[in-house]
1. Rounded to the nearest Å, what's the spacing between the alpha carbon centres of the range B:331-356 and the range A:122-140? Just the number, please.
2. Using the heavy atoms of the protein chains alone and a 1.4 angstrom probe, what is the accessible area of the range B:244-344 per residue in square angstrom?
3. In whole angstrom, how long is each semi-axis of the equivalent ellipsoid of the range A:18-108, when you take the square root of 5 times every eigenvalue of its Cα gyration tensor and sort them from largest down?
4. Would you work out which of A:I231, A:L192, A:F72 lies farthest towards the positive end of the dipole of the range A:56-289, given +1 charges on the beta-carbon of Lys and Arg and -1 on that of Asp and Glu, about the Cα centre?
5. How many percent of the accessible area of the range A:172-240 is carbon or sulfur, using a 1.4 Å probe?
6. Build a GNM of chain B with springs between Cα atoms under 10 Å: which of B:H21, B:H29, B:H90 gets the top mean-square fluctuation?
7. Who wins for biggest fluctuation among A:A17, A:A86, A:A152 in a Gaussian network model of chain A, springs between alpha carbons below 10 Å?
8. Where the only charges are on Cβ atoms (+1 Lys, Arg; -1 Asp, Glu), what is the dipole of the range B:4-234 about its Cα centre, to the nearest 20 debye?
Amino acid sequence: MKRVQFEHSAVPYLFVAPQILIISIFFLWPAAQAVYQSFLLEDAFGMSSQFVWFRNFEDVLSSSSWTRSAIFTVVFSVLVSVLSIAISLFLAVRADEVVRGAKSYKTLLMWGYAIAPPVAGLLGNMLFNPLMGDLYMAFNSFGFEFNHIENANDAAFVVILIAVWKQVSVNFIFFLSGLQGIPKSVQEAATLDCKSPERRFWTITFPLLAPTTFFLLVINLTYAFFETFGIIDVSTKGSPGGSTATLVYKVYVDGFLGADLGGSSAQSVLLMIMVSVLTVFQFRFIERKVHY
Amino acid sequence: MATVTLNQAEKTYANGYKAIHGINLEIQHGEFTVLVGPSGCGKSTLLRMIAGLESISDGEISIDDKVVNKVAPADRDIAMVFQNYALYPHMSNYNNMAYGLRNHGHSKSEIDSKVREAARILQLEDHLERKPSQLSGGQRQRVAMGRAIVRQPKVFLFDEPLSNLDAKLRVDMRLEIKNLQQRLGITSVYVTHDQVEAMTLADRLIVMNGGVAEQIGSPIDIYEKPETLFVAGFIGSPAMNFLPGKVSDDRTHVVVGDKVKLDLDHDVEAGRNVTVGIRPEHFRLCGDDAGPVSASVRMVESLGAETLVYLDFGIGNENVTLRVQGTHQFAKGTVLKLSITPDMIHLFDTETGKRI
């Protein structure tokens, strides 16, 4: 069979050119720059630089602060993704069942979507302000010795709480539309076949939401890795002692505040590799289980 | 096997709309009951009330003398076949059929033998490991049937199960459903808007209109003695002809329009205004002999086995349909002589629509 041959023309290339231009300027070029920089050692004033092969990588990988940040990032991302998916799934299922005032519930739950991460961080800052923060006061009045300024775990709790809260509304929208995509008659057939609502949820509803859940898992991990930058920068700034700095935040701190361009570039190259591996893993192994 | 009893069952929605107005009905052991009516008549709502998918606003529904108003759908011991199959898309066909049994705590070997038996009856043995999306419409409907029969329920509920299938498959599945129901002897309630399905499947037919059961009876009874104008017009295809008429002074005939006189042997008072109902198949062509009725041809539709002729009876623009066996060629304007025996004439009160 012969393939359909289109006449060669410049027009299609013209149409994709803006996108290619944007990707080149804002992604490919900086990425190449980062890879190049990661092989250089620069003096503190940026006057001279020296090609050092993999020394920056060796330094990064052997530094305990990077390892600690990497571990925090993994724990943080997993917790943020799992918690925000679980909470929003619960909320979506309950909101879907509501009959009276359903619209108000749904609108209120979606509202958070409109809030930018730094603003969410600012809100968190106010709620946890040691002088006037309501949550800070509440926790301490309940007898917890809550102090996120000094205690690393408490600080992690604060950033996770803000990050999850910010993401719940996004996930909620997707789960709600996913739930509404399940045919009503399938749900009804299940009501006739199975008495327990919990069992029905885990055997029918949840498997049918699997494509949505998988999609959200990818989105949420990416969010936890990269987009929480704004939240961390506004709320804890990585403190105490860098314990709440994710890898992305550490790249920024070391490169732009610490002026170690080579080391920070090496970190971002490592980050790129990690994300690529994670993405391949997700599509290879998890997506396989969700198709029907 | 079981009986289903409806005692003044009513359904009123939250917005105040009354979908079902107090229906009384007793369905016997193993009886095949068909609910038929136009869309919006409440037939599906009534079925869903028996299933437990809709709450019962007033009155009682009992299965085997046990009131089920407050019983969960899964505990009513019923199985339902839906119009769009409603199979679980993520499960294999085997698991689709086994799902209900598993939730009712049957043993693994018992489930396996039941599912395989159902698959054998429905010729699905080769498709058990596949998913519903890999099957054709007819096969999917079979899996849905299989899911219902493995449960060996007291009552089968069918909600327009054949409307998504193409015409030929519909006829095959109709026979299959009838056959299966007779073999298993399970009490069944079947909802349809298709009167051929209704006539062929039903032991007992319930014609519904506006949330009310207009008539309950055997299909032939309903065809021969429709109690209301609505039932008369709904059952039978092409539909019954309705003509405005007036009973003559000597009560021996009814005058339709200004020239047609039909003989009567009904017991009806003289001079009363009535609606005369005549089925298209009950006219007889009289050839050239003088029949009592003469009418000119407006249009002819040939269907091969039969011919539909649309006639001008001199009552405005309305056509009167005549159905004759075989093929006939009538030119437009031809005057046909017709006769009809008095016992084939239905009379209805023009005001109330009730049979006289």
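The values are calculated or read from the model by the stated rules, or taken from the named source; none is laboratory data. Because the structure is a prediction, the values reported are computed rather than measured. Glycine also receives a Cβ, built like all others from the backbone with ideal geometry; neighbour counts cover every protein chain displayed. The accessibility values were calculated without ligands, DNA or RNA, using every heavy atom of the protein model including side chains. Shrake-Rupley method; radii C 1.70, N 1.55, O 1.52, S 1.80 Å.
1. For the range B:331-356 versus the range A:122-140, the Cα centre distance is 87 Å.
2. On the way: 5420 Å² over 101 residues.
With all protein chains present, the range B:244-344 gives 54 Å² per residue.
3. Values: eigenvalues 427, 93, 20 Å².
The equivalent ellipsoid of the range A:18-108 has semi-axes of 46, 22, 10 Å.
4. A:L192
5. Result for the range A:172-240: 68 percent of the exposed heavy-atom area is carbon or sulfur.
6. Among B:H21, B:H29, B:H90, the largest mean-square fluctuation in the Gaussian network model of chain B belongs to B:H90.
7. It is A:A17.
8. Numbers: 26 positive and 28 negative charges, 155 e Å.
I would put it at about 740 debye.
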